[in-house]
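The values are calculated or read from the model by the stated rules, or taken from the named source; none is laboratory data. What you see is a predicted model, and the numbers here were worked out from it, not measured in a lab. FYI the Cβ positions are ideal-geometry reconstructions off the backbone, even for glycines, and counts take in every protein chain you see.
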């Protein structure tokens, strides 16, 4: 075991490997940083690819613009993985709501505003909704 002293940080490190004159503590840092970056980016891939699918109805230019903006926003947050997952969850819910409204509107032959009421009003009267609304606000 050898002790390595880093002049820049003033930190002594106990190393199980023998000290080599051409090795420094700083050499491992970029490797560790790259590992962490790849870990975060890897966890972001699945929700990002799902968002790509949800944006399939948009033009290629609009899709790239929107997804790039979402990606930059997520990367700017304190937890990019959670931010992207939250965005995905919101987009899924919005898609589901719009899809359900379309089905109700078509089956009942009513305007989408009326269909939206047929969807949301029973949910708002639901005990689960009232309980959730009470605890979250």
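Miscellaneous remarks
- Count of the stretch 104-120 residues which are in contact with a helix residue (DSSP H, G or I) (Cβ under 8 Å, 6 or more places away or on another chain), surrounded by 12 or more Cβ atoms within 10 Å (Cβ to Cβ) and assigned to a helix (DSSP H, G or I): 8
- Filtered by the rule that a residue be surrounded by fewer than 11 Cβ atoms within 10 Å (Cβ to Cβ) and within 11 Å of the chain's Cα centre (by Cα), the stretch 79-96 gives a lone residue, 90.
- Flag for residue 69 being touching a residue at least 24 places away in the same chain (Cβ under 8 Å), under 30 Å from residue 37 (Cβ atoms), in a helix (DSSP H, G or I) and under 27 Å from the mean Cα position of the chain (by Cα): no
- Applying a threshold of 7 Å to beta carbon distances and a minimum spacing of six or more residues, or different chains, the list of pairs starting in the stretch 86-106 at a residue that is in contact (Cβ under 8 Å) with a residue 40 or more places away in the chain and at positive phi and ending at one that is outside any helix (DSSP H, G or I) and surrounded by fewer than 12 Cβ atoms within 10 Å (Cβ to Cβ) is empty.
- Residue tally, condition under 21 Å from residue 98 (Cβ atoms) and in a helix (DSSP H, G or I), over the stretch 50-64: 7
- Exactly one residue out of 83, 115 is at pLDDT 95 or above and within 30 Å of residue 39 (Cα to Cα), and it is 83.
- Residue-level analysis places residue 59 outside the set of residues that are surrounded by fewer than 16 Cβ atoms within 10 Å (Cβ to Cβ) and under 20 Å from residue 38 (Cβ atoms).
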